[in-house]
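Since the structure comes first, as structure tokens, the remarks are kept for the end.
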Amino acid sequence: MTSVRWANPSTALRANDFIGDFGARVRETDHWAEVVAIVDVQKKARIFCNMSLSRFKGSLIGAVVADCIGALFEGIRVVRLKDVLGVVEHKIEKARKIQKESGTRPADVYGLQFTDDTAMARSVAASLIEKDKLDARDLAHRFAEEFRSEPDRGYGGNVVTVLKALRDPDIEDVFKPASEQFDGSGSYGNGGAMRISPAPLFTFFDNDITKLESLTDSITRLTHTNPLAIHGAMLEVFAIDEIMRMSQGQSIDVNKFLDSLIAKMKPIEEKSNDCSEPLAKKVVPKRPLDADPTPYCAKLEKIKEFAFKEDLNASEVEAVLGNDVSALGSVPAAILSFVRQAVTPDPNMEGRNEFERTVLYAISLGGDTDTIATMAAAIAGALYGAEQIPESWQYYCEGVADAETFAEKFFQRGQVQKVAQD
């Protein structure tokens, strides 16, 4: 690795053009700029670098487009796959084709807006990038201001109460409002998991699972303090992190992937049972597996079966895993959506790639479609990369450009860390 420091920033910028083929990057301060020329001796290393940036983008952009498209079906208990395909094919893909050919957008086609899922994820990303650490007060302020400026993004009633409390400039403990909800047991909704995708990208190059756990815990507890909510967010980040460490294009060993998630989740769930009142006393189980002492692990075990089951239908997924706004009733469905479409492609989606199938299948499960889809897409995008996200989807979905910028900044931060370590 070669590091060159230039006294004159303009010289550095000219040098950047010259060394561009070697992956040069400029970092400017008040007095100097440094060009770090990363010379990849092995072609394989360069390809891996490029794929990683694509996968950072894939995770964040994927989450945004899935949120926007999934929101069209949110709250519908029974969603038919053919209806999802019909909307995507005619309102998005065909419309984009017409727009490209004629230069005009069909009159009945409008951009798709993101929901509170993306609104809060954007705040997480922006805070982590600007502060280069978790600054809970800064993040709480961003959450509150984002809600104040655009309150109609679909925020749940309980989180609104928390966000209004966080607007108090004199608040001493930003975690207190959420901890006082539901007689002190806290919300067990999926609000933490739906916005958590920036966290594993922030810690990816640290390769420190303890740091990722701590970060996820704090980001979630600002609005959701029930262990089920926190554990759901942790399962989501573990899935993204695990997938990011696979080679792009590598076939997924479903059982190995799920066993790895179980190995990470089991001690967390068991510790929670040892340290606090049993979850069953705080949350009335909606499904048999919800009453298991380690319910996330129990559902991951069930996903091993569901991933390969030929006649699996959405009603069975709802009855066993769930599709609602609770973390326990939605994160497992997102995991299933990802693994199932990787190994058991739906024949009704022939010709579509793995990312597309993941998102469309997740939406077809009904219920909290935008959140289940955004969580599934964050995982799928982290493996397959931005190349698998259709251009038409990106064109019609709000927030894609910002997601791409956030991904680039996370990736660049990681590269600076690698240079410093070397």
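The values are calculated or read from the model by the stated rules, or taken from the named source; none is laboratory data. Model, not experiment: these values are computed from the prediction. All Cβ positions, even for glycine, are placed from backbone atoms using ideal geometry, and neighbour counts span all protein chains on display.
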_Residue within the range 102-118 that is out of contact with any His (no Cβ under 7 Å at 6 or more places or on another chain), surrounded by fewer than 12 Cβ atoms within 10 Å (Cβ to Cβ) and in a helix (DSSP H, G or I) present_ = yes
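Among S251, S218, which is within 20 Å of E269 (Cα to Cα) and more than 14 Å from the chain's Cα centre (by Cα)?
Exactly one residue qualifies, and that residue is S218.
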*the range 173-196 - residue that is on the phi > 0 side of the Ramachandran plot and surrounded by fewer than 18 Cβ atoms within 10 Å (Cβ to Cβ) and, of those, farthest from the chain's Cα centre (by Cα)*: D183
*Here are some conditions: (1) modelled with pLDDT under 95; (2) of a type in the set (S, T, N, Q); (3) closer than 23 Å to A193 by Cα. Q341 meets all but one. Which one does it not meet?*
(1)
*Can F355 be described as buried (at least 24 other Cβ atoms within 10 Å of the Cβ), within 19 Å of N255 (Cβ to Cβ) and modelled with pLDDT of 95 or more?*
no
*asked:* Need the failing condition index for M246 against (1) at pLDDT below 95; (2) within 19 Å of A342 (Cβ to Cβ); (3) in a helix (DSSP H, G or I), just the number.
replied: (3)
*Out of D152, D132, D170, which single residue is surrounded by fewer than 17 Cβ atoms within 10 Å (Cβ to Cβ), under 30 Å from K409 (Cα atoms) and without any contact (Cβ under 8 Å) to a residue 24 or more places away in the chain?*
D152
*Which ones in the range 122-160 are in contact with a helix residue (DSSP H, G or I) (Cβ under 7 Å, 6 or more places away or on another chain), among the hydroxyl-bearing types (S, T, Y) and farther than 24 Å from F204 by Cα?*
Y155
*Quick one: is G329 of a type outside the set (D, E), over 22 Å from C297 (Cβ atoms), in the same structural domain as G86 (by TED's automatic domain parsing) and outside any helix (DSSP H, G or I)?*
no
*May I ask you to list the residues in the range 180-204 that are closer than 18 Å to M234 by Cα and either at pLDDT below 95 or outside any loop (DSSP other than H, G, I, E, B) (or both)?*
G189, G191, G192, A193, M194, P198, A199, P200, L201, F202, T203, F204
*Look through the range 290-317, keep the residues that are part of a helix (DSSP H, G or I) and within 22 Å of F182 (Cβ to Cβ), and return whichever of them is farthest from the chain's Cα centre (by Cα).*
A291
*Please tell me if F204 is touching a residue at least 40 places away in the same chain (Cβ under 8 Å), within 27 Å of C68 (Cα to Cα) and assigned by TED's automatic domain parsing to the domain that holds I69.*
yes
*Please state which of the following conditions D170 fails to meet, knowing it meets all the rest: (1) assigned to a loop (DSSP other than H, G, I, E, B); (2) in contact with a strand residue (DSSP E or B) (Cβ under 9 Å, 6 or more places away or on another chain).*
(2)
*Would the range 379-392 turn up any residue that is in contact with a helix residue (DSSP H, G or I) (Cβ under 7 Å, 6 or more places away or on another chain), within 27 Å of S260 (Cβ to Cβ) and modelled with pLDDT under 95?*
no
*Is the range 411-420 home to any residue that is outside the structural domain of A319 (by TED's automatic domain parsing), part of a helix (DSSP H, G or I), under 16 Å from I61 (Cα atoms) and of a type in the set (S, T, N, Q)?*
no
